Every structure is written in C-alpha cells, then in structure tokens.
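Read-outs: derived from the displayed coordinates by stated rules, not from any lab. Bear in mind that the values here come from a model prediction, so they are computed numbers and not experimental data. So basically every Cβ, Gly included, is an ideal-geometry build from the backbone, and we count neighbours across all protein chains shown.
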Amino acid sequence: MAKQEDIFKNVVSHAKEYGFIFPSSEVYDGLSAVYDYAQNGVELKKNIREYWWKAMVQMNDNIVGLDAAILMHPTTWKASGHVDAFNDPLIDNKDSKKRYRADVLIEDYAEKLNQKAIKEIEKARVRFGDAFNEAEFVATNARVVEYKAKEREILERMARSLGNDDLADVKALIEELEIACPESGSRNWTEVKQFNLMFGTKLGASADSAMDLYLRPETAQGIFVNFLNVQKSGRMKVPFGIAQTGKAFRNEIVARQFIFRMREFEQMEMQFFVRPGEEMKHYEFWKEARLKWHLSLGLGRENYRFHDHEKLAHYANAAADIEFNFPFGFKELEGIHSRTDFDLKAHEQYSGRKLQYFDPELNENYVPYVVETSVGLDRMFLAVFATSLKEETLEDGSTRTVLKLPAVLAPTKAAVLPLVKKDGLPEIAHQIIADLKWDFNVAYDEKDAVGRRYRRQDALGTPFCITVDHQTVEDQTVTIRHRDTMKQDRVKIADLKSIIESEVSMRNWLMKM
Ligand code: ATP
C-alpha cells in the first residue's frame with residue numbers, strides 16, 4: 001500500500017479513536033459522506049471558525065457578519081444558475097459499476113503529467129546543485145516542455161468541451177487518453193451525463209400546496225439577497241463585505257475522501273462589494289490576504305499553492321484556488337472568485353426589485369461587483385489535523401504520536417495532572433482548573449502513570465500539561481510541560497494564566513499575518 005494511503009488511514013482512525021470525528025449515525029452503519037464532530041472535533045472546528053471570523057469580521061471595519069437561513073425561496077436558485085447549471089459531469093464504468101466525475105478523471109491524468117515534470121525538475125536540481133536555474137530548465141528541457149504542453153492542452157480542451165456542454169467530447173478525451181477505471185482497470189465507459197448536485201425538499205403540509213425547495217448548495221446566495229438590507233441598515237459604503245459561516249449541501253457524485261468531500265458541510269464565505277471596474281484590484285488583494293491568513297497557522301509555506309482557473313464558472317471573470325497539500329495530494333482548500341455583478345443582476349431580474357447602491361462620491365447608482373472568498377471549514381479541519389499528526393522517534397528510541405495543532409486551535413489548552421491521587425494533590429489540581437477554566441478549555445486527568453497521561457494529551461493536541469506534585473504543596477509551583485518540545489519548566493501557579501495566554505491567544509497568532 002502506498003505510504004500516502006497509510007497516512008490518510010491513520011488520520012481517519014486517529015480522528016475516531018480520540019473523539020474528533022465519527023461517521024454519521026454509525027449504529028446504522030453510517031451515511032455515505034456525512035460525518036459528526038465529536039467532543040474534541042467540535043472544539044477544534046469552533047476554534048477554526050472563530051479564527052476566521054476574527055480575521056475577517058472583527059479585524060475589518062468594513063466587513064460585517066450575517067447568518068442567513070439554510071432554506072431560501074426557490075427562485076433564488078433559478079436566478080443564481082444552480083437549477084440549470086450546478087451540474088457535475090458523471091461517467092460510469094460498466095465493469096466495476098463505479099461512478100466517477102469525468103472532469104476529475106481527466107484532471108487526475110493531467111496532474112500525473114505535472115508530477116512527471118516536477119520529478120524531472122527535482123532530478124535536475126540535484127544534478128546541477130547551486131548552478132541550477134529552474135526557470136531556464138522548465139523553458140528549455142524537452143521532456144518538461146512536452147509534459148507541460150500536454151497537460152495544458154488536455155485541461156484546455158476539457159474546459160472548452162465542458163463550457164460548450166459538449167459531453168461527447170469529454171468522453172472522447174477520456175478514451176483518447178486511455179484512462180482506465182482505477183477499480184476494474186477497464187476502459188468500458190458509459191456516456192458522460194450531467195447530474196445536478198442540489199438536494200430537493202418540500203415546504204408545507206399538504207401535497208398540492210407543498211413548495212419545492214432546495215437545501216442551499218452554497219451560503220453565498222443568502223448574502224446576495226440580503227445585500228441591500230445590510231448596506232442600508234448598516235450604512236455601509238462600497239467597498240464593504242458581508243461574511244457568513246454555515247452549512248451547505250451537495251449531492252456529490254463521488255465522495256470518498258473523508259471530510260474533504262462531504263454531502264453536508266460548512267462554508268466560511270465573504271462577499272466583498274466593490275465599484276465596477278475595480279474588482280481586479282480587490283481580487284488580487286484578497287488572494288494575498290487569504291493566503292497570509294492560512295500561513296499564519298504555521299503549517300508550512302510549501303503546503304500551499306495557487307491554482308488559477310482556466311475553466312471559469314458561469315458567474316466569474318477571474319478565479320483562483322488556494323490548494324493545500326492534503327494526504328492525497330494538492331487539492332482545493334479555498335476559492336477566491338471575482339463574481340462580477342452576475343448574482344445581484346440576476347436577483348434584480350428575477351425579483352423585479354432594484355439591488356443597487358448609490359455611490360455618494362460618484363453621485364451615481366450601480367450594481368456593485370463582487371469578490372468572494374470561500375473556504376470549507378471541514379477542509380480546513382482536515383488540512384490542520386492531517387498536517388499536525390506526527391509519529392516521532394524520541395532520543396531513547398521510543399516513539400510517540402503527537403498532534404501538533406497550532407496551539408490557538410487546540411481543543412484543550414492545558415491538562416492538569418496530579419502526580420498521585422492522594423496527599424491533597426487532586427484538590428490543588430481542581431483549584432487550578434477552577435481558575436483557568438474562566439479563560440481556557442482545560443482538562444483534568446488522574447488515571448495511569450504521568451508518562452502515559454502526557455502521551456494521551458500529546459495525541460489530543462493539548463499544548464500544555466501541568467503537573468501538581470508534592471513540592472506544589474510546599475511552594476505553590478507546578479511543572480509545565482510543552483507538547484512539542486516536551487520541555488518542562490517549574491513555574492508559579494499564579495503565572496500559569498499568562499504563560500498559556502501568550503501561546504494560545506488569537507491576537508498573537510493573527511499578528512503574524
Ligand atoms: P470542488 O472543485 O472540490 O468540488 P468547488 O470548486 O465546487 O470544490 P466551491 O463551490 O468553490 O467548491 O466552494 C468553496 C469551498 O467550499 C471549497 O473551496 C471547499 O473548501 C468547500 N467545499 C466545496 N464542496 C465541498 C464538499 N463537498 N465537502 C466539503 N467542503 C466542500
């Protein structure tokens with residue numbers, strides 16, 4: 001089995017064993033691509049959401065929040081284009097009976113070419129050492145030029161065919177590239193068909209009067225239809241933003257990658273309303289700002305890359321993804337889209353109401369343009385969790401599993417451990433907790449030897465362990481152990497709050513942006 005697969009399996013089982021994520025309704029054998037966040041997962045998820053909210057809403061004078069309902073008037077989805085165009089091209093393999101997204105099969109093929117080019121570049125880097133000029137090599141090496149050209153040609157053709165709704169050509173491309181089903185190895189494919197990803201539901205009791213609704217497939221439309229309400233009641237001036245976090249639902253065709261692709265998931269979106277013609281400036285600004293936010297978590301610059309879209313959605317005039325190096329390769333984590341005035345204009349047209357802004361500086365009315373940043377909360381969770389999970393070999397040759405979560409996001413900030421269950425030590429530990437819990441999530445653990453308790457907290461990602469021993473009774477000091485370095489310091493109980501605060505405060509982490 002490939003090492004990557006092992007790592008990913010380990011992530012999924014660690015998430016379950018330590019109470020982060022369970023399959024939904026597991027007693028009934030679960031529900032495909034739906035998951036529940038358990039006692040530790042819910043804390044980590046909440047902290048990621050809060051980290052985003054603080055950076056986007058609290059720290060920006062011109063961005064405000066919103067919490068729109070999941071159910072919306074059905075015409076919303078007609079106007080937004082989702083009823084007609086929120087489709088994925090699907091294809092079935094007749095031998096394995098497995099269903100795939102045709103575009104993903106082609107993209108995976110193209111990515112293999114990209115990986116071959118990267119391999120050549122890396123080999124050359126080793127061969128030429130300091131004298132290596134990557135740009136020149138990429139432009140002149142025959143193999144790299146060929147791989148790159150082929151990759152581009154494939155992606156451009158796919159974008160063209162999908163754009164023209166020419167599904168026969170998408171199938172032809174799969175056949176020409178001789179793409180085989182990963183499961184059966186056969187190339188016995190059905191035709192490519194479009195499949196709408198929205199979940200339908202009904203509003204109302206009686207069958208005749210019931211209204212067909214959809215569970216929202218994105219949170220963005222709740223922001224668009226409220227644009228003027230917020231602008232007027234908040235006396236907002238363009239440029240300004242509306243931010244929202246909340247559930248979205250998509251009946252994904254292929255959902256096999258744990259919480260990467262779920263059927264019910266959470267988005268954190270911000271729509272920034274700008275003057276028409278100024279959107280590219282804001283688009284570039286938000287691309288950089290969002291990358292900086294990700295980097296502030298310290299998961300490593302090499303794990304992120306931009307991917308500029310060739311295949312633009314029906315509403316966009318520019319779009320890029322921030323891709324993250326997940327255990328199964330680089331994939332989309334966040335999208336930044338310049339959505340033009342498509343959505344607001346469409347809602348004007350379908351509702352018959354004006355959704356325009358009077359710009360006092362220009363002395364004119366217009367429909368603002370929109371730049372959107374949209375990140376999946378669950379994908380953020382997976383990025384943070386998978387990258388933080390490490391197996392370490394220690395100096396004495398033993399190993400430990402440690403979840404090196406950014407301390408600001410850790411579910412529990414400190415565990416307080418009495419060395420023994422007697423001599424008044426548990427009482428002191430409880431007193432410490434009673435004080436710290438006003439400011440932080442803290443846990444108590446008295447079971448097992450202290451070394452094993454440290455390991456358990458390492459696996460949960462707790463940044464600090466505070467041990468109460470007999471000396472504590474004498475001088476009001478404790479040992480504080482740091483998760484990542486395992487270094488232990490003797491400190492005064494009275495100093496614990498400020499020590500923890502300095503490592504977990506959102507302020508300190510966000511200041512790194
Ligand atoms: P993909 O190409 O991976 O299907 P998308 O381009 O359709 O994603 P967007 O519509 O741009 O995604 O949604 C914004 C963000 O929402 C994505 O960057 C991703 O983080 C998250 N997201 C989208 N679909 C899912 C899903 N099924 N499960 C979890 N997160 C999702």
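General observations
- Between Thr485 and Ser206, the C-beta separation translates, for a Förster distance of 56 Å, into a calculated FRET efficiency of about 0.30.
- Amide H contacts of Leu333: Ile322, Glu323, Phe324, each under 5 Å away and 5 or more positions distant or on a separate chain (H built 1.01 Å from N in the peptide plane; Pro and chain starts excluded).
- Summing charges over neighbours of Asn251, with a neighbour being any other residue whose Cβ is under 11 Å away from its Cβ, gives -1 when K and R count +1 and D and E count -1.
- Stretching the chain fully between Ala180 and Asp36 yields a gain of 48.4 nm (0.36 nm per residue, less the alpha carbon separation).
- Taking amide H as placed 1.01 Å from N in the peptide plane, the amide H of Lys404 sits under 5 Å from that of Leu389, Lys390, each at least 5 places away or on another chain.
- For segment 268-276, Karplus couplings with θ = phi - 60° (6.51, -1.76, 1.60), whole Hz, Gly/Pro x: 10, 10, 9, 10, 10, 8, 10, 5, x
- Converting phi to 3J(HN,Hα) with the Karplus coefficients 6.51, -1.76 and 1.60 and the offset θ = phi - 60°, segment 251-266 yields 7, 4, 5, 10, 9, 10, 10, 6, 7, 5, 10, 10, 8, 10, 8, 10 Hz in sequence order, with x at every glycine or proline.
- Here the Karplus curve 6.51 cos²θ - 1.76 cosθ + 1.60, taken at θ = phi - 60°, turns the phi angles of segment 417-422 into couplings of 10, x, 4, 9, 8, 8 Hz, with x standing for Gly and Pro.
- Efficiency of FRET from Cβ geometry, Ala434 and Asp359, R₀ 51 Å, rounded to 0.05: 0.40
- Placing +1 on the Cβ of every Lys and Arg and -1 on the Cβ of every Asp and Glu, with no other charges, gives segment 142-301 a dipole of roughly 820 debye about its Cα centre.
- Applying a DSSP loop filter and a limit of 14 other Cβ atoms within 10 Å to the trypsin sites (Lys or Arg not before Pro) in segment 242-276 leaves Arg256.
- Net charge contributed by nearby residues that have their C-beta within less than 10 Å of Asn87 (K/R +1, D/E -1): -2
- Cα shape, segment 1-156, gyration tensor, a/c 1.5 rule: prolate
- Placing a label point 7 Å from the Cα of Val138 along the Cα-to-Cβ line, the residues of segment 301-315 whose backbone N sits under 14 Å from it are 305-308.
- Longest stretch of the chain clear of exposed loop sites (chymotrypsin sites (Phe, Trp or Tyr not before Pro), DSSP loop, at most 14 other Cβ atoms within 10 Å, sites excluded): 133-437.
- Part-to-part distance (alpha-carbon centres) for segment 147-188 and segment 210-241, which is given in Å: 37
- Hydrodynamic radius of the chain per Kirkwood, over alpha carbon pairs, in Å: 26.0
- Amide H contacts of Gln356 (H built 1.01 Å from N, under 5 Å, at least 5 apart or other chain): none
- With helices as the sole contributors, the chain gives -12000 deg cm²/dmol at 222 nm; each DSSP H run of n ≥ 4 counts as -39500 (n - 2.57), and the sum is divided by every residue.
- Of all DSSP beta bridges in segment 394-510, antiparallel share, percent nearest 5: 55
- Local electrostatic count at Glu146 - Lys and Arg +1, Asp and Glu -1, tallied over other residues with Cβ under 13 Å: +2
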